[in-house]
Amino acid sequence: MKRETVWLVEDEQGIADTLVYMLQQEGFSVDVFERGLPVLDKARQQAPDVIILDVGLPDISGFELCRQLLAIHPALPVLFLTARSEEVDRLLGLEIGADDYVAKPFSPREVCARVRTLLRRVKKFSTPPPVLRIGHFELNESAAQISWFDTPLTLTRYEFLLLKTLLKSPGRVWSRQQLMDCVWEDAQDTYDRTVDTHIKTLRAKLRAINPELSPINTHRGMGYSLRSL
């Protein structure tokens, strides 16, 4: 059976060695990078099952590296590993498409557990359902693609899952907590503002295609819904 591959991008040798040992003990195949630019070169040829990124790399910001990697592989699961634990940094990482965020100092076993969770999440959403048309939207779950007025949207994983949830129940008002429970498997570690951030970026992408329509409604004090279009 083929082992799942983890790319670890970490410039601190001690941390990298510890994580490599633990991940290999868990049965993963691990490739280690001390810098980010070689990761981009390799990503143009292939993709891992999961990537662990340190934010503070010597040659490129981990945030910028994440953006460029997701432009190449939009469905790539990303776990940030960093000493920067402020909420603004967590939100920035999640906003650009990362799936999880672990602050140093950390437990290597916790990192391994979070990697397993990311892989389970990817497999959970891998069953190919049919293409659905909802108003001016087209949802193709097998391709992880949503189109708006016949124009494909470029979405991060959580933007896709969030919009898909709204599309499945037009008119239903979803609270932030309900959306977190549906979209984020580790909802207890997710901030309310994360939902607001993703709704904001979704609206901007929809507006870029059709500025005349705003399909996502805000219900003050309640949550969000998708208008029946």
Subject >> Of the criteria (1) at pLDDT below 90; (2) over 23 Å from L161 (Cβ atoms), which one L91 fails >> reply: (2)
**OP:** Please specify each residue of region 131-144 satisfying the condition of being part of a strand (DSSP E or B) and either more than 18 Å from L226 (Cα to Cα) or hydrophobic (A, V, I, L, M, F, W, C) (or both).
**Re:** V131, L132, I134, F137, L139
Original post:
In region 1-25, which residues are farther than 13 Å from L81 by Cβ, within 23 Å of the chain's Cα centre (by Cα) and acidic (D, E)?
Top reply: E4
Original post:
What number of residues within region 145-177 satisfy the criterion of being closer than 27 Å to L119 by Cα and either in a loop (DSSP other than H, G, I, E, B) or of a type in the set (D, E) (or both)?
Top reply: 7
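The values are calculated or read from the model by the stated rules, or taken from the named source; none is laboratory data. Everything numeric here is computed off the predicted structure, so don't read it as measured data. Glycine gets a Cβ as well: all are built from the backbone with ideal geometry, and neighbour counts include every protein chain shown.
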